[in-house]
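Participant: Let me begin by handing over the structure; questions about it come next.
The values are calculated or read from the model by the stated rules, or taken from the named source; none is laboratory data. Everything numeric here is computed off the predicted structure, so don't read it as measured data. All Cβ positions, glycine included, derive from the backbone under ideal geometry; neighbour counts span all protein chains shown. Protein only, heavy atoms only, side chains kept; ligands, DNA and RNA dropped before computing areas. Shrake-Rupley method; radii C 1.70, N 1.55, O 1.52, S 1.80 Å.
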Amino acid sequence: MLFADKLVPYLRDLQTQTEERYQRMVEQIRQAEGVTEEWKARDPMAWVGRMNALKDQVEEIILHELIME
């Protein structure tokens, strides 16, 4: 019981931090690479493909950081 009382809050905090980092990184990379709303309007399929690749890239970075730390 004592272990669970500490584990659950820790995991919730870790999840919150990870989700916030993921959103920040996606936005930063999206802006740096010029993945804009104009691009989305002009070529939606290419935009979706790039966003999916970008999100996969960010997920790999975060998973690597969590495992390697």
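Participant: Looking at segment 51-68, can you tell me whether even one residue there is surrounded by 13 or more Cβ atoms within 10 Å (Cβ to Cβ) and more than 10 Å from the chain's Cα centre (by Cα)?
Facilitator: Within segment 51-68, one or more residues are surrounded by 13 or more Cβ atoms within 10 Å (Cβ to Cβ) and more than 10 Å from the chain's Cα centre (by Cα).
Participant: Now for a different question. Just one of (1) open to solvent by 70 Å² or more (accessible area, probe 1.4 Å); (2) under 19 Å from residue 60 (Cα atoms); (3) out of contact with any helix residue (DSSP H, G or I) (no Cβ under 9 Å at 6 or more places or on another chain) trips up residue 33, so point out which.
Facilitator: The single condition residue 33 does not satisfy is (3).
Participant: While we're here: What is the residue count in segment 1-19 for residues that are charged (D, E, K, R) and open to solvent by 100 Å² or more (accessible area, probe 1.4 Å)?
Facilitator: Count: 2.
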